[in-house]
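Worksheet for the structure shown next.
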Amino acid sequence: MDGSIPTAEEARERAAAHVDPFREAVLEVAADLEFETFLLGSTRPDFAAGLDREDSVLAAWKRELHMTVGLQLEERWESLGRTVAFDRPEVIFKLDPLSGRVTRQIAPVFVYGRYRKLDRTVPQTHWDCRPCRGTGRELPPKRRGRRHPPRSRTPTPPPDAPICPDCGGTGRRYPDSVEELLAAVIVPALDGTAGTLHGMGREDIDALMLGDGRPFVLEVTDPCRRSIDADAAIAALDAGPAAGRVQLARGPWIGSHRTLRVVKHSSPSKSYLARARVERELRVEDVAAVEALEGQTIEQQTPKRVVHRRADLVRPRVLERVRARLDPDDAGRLELEVRAQSGTYIKEMISGDGGRTTPSVAELLGAPAICEELDVVAIHFDEGGGVPGVDGADARGAARGAG
Ligand SMILES: [Zn+2]
C-alpha cells in the first residue's frame with residue numbers, strides 16, 4: 001500500500017477483502033451468545049488515519065463492509081430470527097481491520113422483580129466500611145485541615161498497613177446486601193459479570209420490606225444469556241444465603257431500559273407498620289389525637305441522620321392514612337399504620353426529630369416518642385396491565401403468595 005488515500009471504488013474493493021474474515025470472526029465470538037438484534041462496527045482502516053469521520057471514502061468502505069457482512073449474517077442466522085438493529089442492538093460486533101480481531105459489546109439486561117426483605121441487618125446495596133473506605137486496611141490519619149479525596153476515589157493504603165479493625169479486612173460495613181444476594185443468583189443465570197440494583201426507593205437497613213415487595217431492576221452487565229428460568233432462579237435464591245432473608249415476591253422477568261426508567265422515576269406512596277415508644281402512659285383519647293394526622297401535610301426538614309448526604313431542605317409530605325392502636329399490655333407502646341407520600345420519613349414523623357418534622361406524633365402527644373420498629377408493608381405501585389418494557393402475559397400473572 002502506498003499510503004495515499006484511495007478512491008471510493010478502491011475503498012470498496014479493500015473492504016471486500018475483509019468480508020470473509022470479519023464474518024467468520026463474528027460467528028466465532030457470537031457462538032456462546034443469546035441475542036436477537038446486533039449491529040456491526042469497525043475501527044478505522046489504515047488508509048483512513050487522517051480522514052474526517054464523515055469522509056465519503058471512509059463511509060463507502062464502512063458501508064460496503066458492514067452491509068455485506070450484515071446481510072450474510074442475517075442469512076446465516078435466519079432460523080434464529082437475528083436481525084441488524086440500529087436502535088439499541090443487543091450486541092455490537094466491532095472489527096479492528098488492522099489486527100483482524102473482533103470484539104463484542106453486549107448490552108445489559110434489565111431484570112425486573114419485587115423483593116421482600118425479612119432481615120433487619122441487610123442493607124439494599126453494598127456499604128463500604130467507613131473507617132477504611134472499603135480497602136480493608138487502616139488508612140493513615142487525616143492530615144490537619146485536609147479532607148480525604150472525594151468519595152468516588154478509593155484511597156490506596158500503604159502496603160504494610162494493618163488490617164482494618166472495624167471490618168476485619170473485608171472492607172464491608174455489612175456482610176451482604178439485597179443487591180448482592182439477588183445478583184448472586186440472577187447474574188450467573190444470565191451468564192453475566194456483575195449486577196447493579198435499582199430499587200424503587202429504599203428502606204432503612206433495620207426496616208423489613210413485606211407484602212408484595214419492592215419493585216427493582218437488576219442491571220446485569222455483559223450477559224451471555226438474555227432469558228431467565230424464573231422458577232430456577234427463585235429456587236436458587238431460596239436455597240442459598242438469602243434463604244429466609246431476601247425473597248422474590250414477583251419476577252424475575254426480563255425487562256428493558258423502559259422498565260429501568262419506570263422503576264427509577266416512579267414514586268408511589270407506601271404503607272408502613274410502625275411500633276412506637278412514648279415516654280408517658282397512653283390513654284384512649286391519644287388514639288384520636290394521633291389519627292388526626294391523617295390527611296395532613298407535614299413539614300419535614302431533612303432528618304439529622306441523613307443530612308450529611310442530602311440537601312438540608314424542608315419538604316411537605318402528605319399522610320394519606322394514619323391509624324393508631326394502643327398496646328393492652330404496654331401503656332407506653334403505640335402501633336401505627338401509616339400510608340404516606342413517597343419520601344416521607346416515618347421515624348421522624350413519630351419522633352419529630354427535635355422539631356425538624358412538624359407536626360409529629362411526639363408533638364401531638366406532648367411527650368418524647370421514638371420508632372422502635374418499622375416495616376414497609378406495601379409499595380403502592382400497580383403493575384396492572386403489565387410492567388412497562390416487560391414482555392408477555394407472565395408479567396401480568398398473580399403475585400406469588402405473600403405469606
Ligand atoms: Zn474497614
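Quick note: the coordinates plus some simple rules give every number you see, no bench work behind them. The model shown is predicted, which means the values in this text are computed figures rather than measured ones. Cβ sites come from the backbone with ideal geometry, for glycine too, and all protein chains shown count toward neighbours.
What's the extension gain from ARG258 to ARG325 if we count 0.36 nm per residue and subtract their Cα-Cα distance?
Values: separation 67, 0.36 × 67 = 24.12 nm, distance 4.16 nm.
Full-extension gain reported as 20.0 nm.
Looking at region 294-349, which GluC sites (Glu not before Pro) are in a loop (DSSP not H, G, I, E or B) and have at most 15 other Cβ atoms within 10 Å?
Numbers: sites: GLU294, GLU299, GLU320, GLU335, GLU337, GLU348; in loops: GLU294.
Answer by residue number: GLU294.
Ordered by residue, what ³J(HN,Hα) values in Hz, to whole numbers, does region 331-341 give under the Karplus form 6.51 cos²θ - 1.76 cosθ + 1.60, where θ = phi - 60° and Gly and Pro are x?
So the Karplus estimates, Gly and Pro as x, are 6, x, 10, 9, 9, 10, 10, 10, 10, 9, 4 Hz.
Around PRO108, under 9 Å between beta carbons, what's the net of Lys plus Arg minus Asp minus Glu among the other residues?
Numbers: positive: none; negative: GLU219, ASP222.
Around PRO108, the charge tally is -2.
Can you give the extra length, in nm with one decimal, that the chain gains between ILE370 and ARG76 once fully stretched, where that is 0.36 nm per residue apart less the Cα-Cα distance?
Working: separation 294, 0.36 × 294 = 105.84 nm, distance 6.68 nm.
So the extension gain works out to 99.2 nm.
Pull up all non-local amide H partners of ARG101: gap of 5 or more, or a different chain, and H-to-H distance under 5 Å with H placed in the peptide plane.
ASP96
Where does the charge balance sit around THR357 when Lys and Arg score +1, Asp and Glu -1, over other residues with C-beta under 11 Å from its C-beta? Present the calculation step by step, with values, prior to reporting the outcome.
On the way: positive: LYS304, ARG315, ARG317, LYS347, ARG356; negative: GLU299, GLU348, ASP353, GLU363.
So the environment of THR357 carries a net charge of +1.
Work the Kirkwood hydrodynamic radius out for region 8-106: mean of 1/r over every pair of different alpha-carbon atoms, inverted, in Å. List each step's numbers first, then the result.
Working: mean 1/r = 0.0730 Å⁻¹.
Here the Kirkwood hydrodynamic radius works out to 13.7 Å.
Reported to two decimal places, what Rg/Rh ratio describes region 270-379 when computed on Cα atoms with Rh from the Kirkwood expression? Numbers along the way, then the final one.
Values: Rg = 13.0 Å, Rh = 13.7 Å.
Rg/Rh: 0.95.
Report, in order of residue number, the helices in the chain meeting two criteria: a C-alpha extent of 15 Å or more along the helix axis, and a mean Kyte-Doolittle hydropathy of at least 1.6; treat each whole DSSP H run as one helix.
Membrane-span-like by this criterion, though nothing is claimed about a membrane: 178-189.
Counting only helical runs of four or more DSSP H residues, what would the 222 nm mean residue ellipticity of the chain come to if each run contributes -39,500 (n - 2.57) and the total is spread over all its residues? Write out the running numbers ahead of the final one.
Working: 8 runs with 93 residues, N = 403.
Here the helix-only value at 222 nm equals -7000 deg cm²/dmol.
Amide H of VAL246: which non-local residues (sequence gap of 5 or more, or other chain) have their own amide H closer than 5 Å, using H built in the peptide plane?
LEU118
Would you mind ranking ILE350, ILE370 so that the residue whose beta carbon has the fewest other beta carbons within 10 Å leads the list?
Working: ILE350 27, ILE370 15.
By the 10 Å Cβ count, ascending: ILE370, ILE350.
Report the net charge of residues surrounding GLY171, where surrounding means a beta-carbon distance below 11 angstrom and charges are Lys +1, Arg +1, Asp -1, Glu -1.
+3
Return, in residue-number order, each cysteine of the chain whose C-beta is not under 4.7 Å from any other cysteine's C-beta.
Those would be CYS224, CYS371, since no other cysteine Cβ in the chain comes under 4.7 Å of theirs.
Taking the chain, how many lysine pairs are there with alpha carbons less than 26 Å apart, if each pair must be eight or more places apart or span two chains?
For the chain, qualifying lysine pairs total 11.
Using per-residue counts of other Cβ atoms within 10 Å, averaged over each peptide, order 220-232, 182-194 from highest down.
182-194, 220-232
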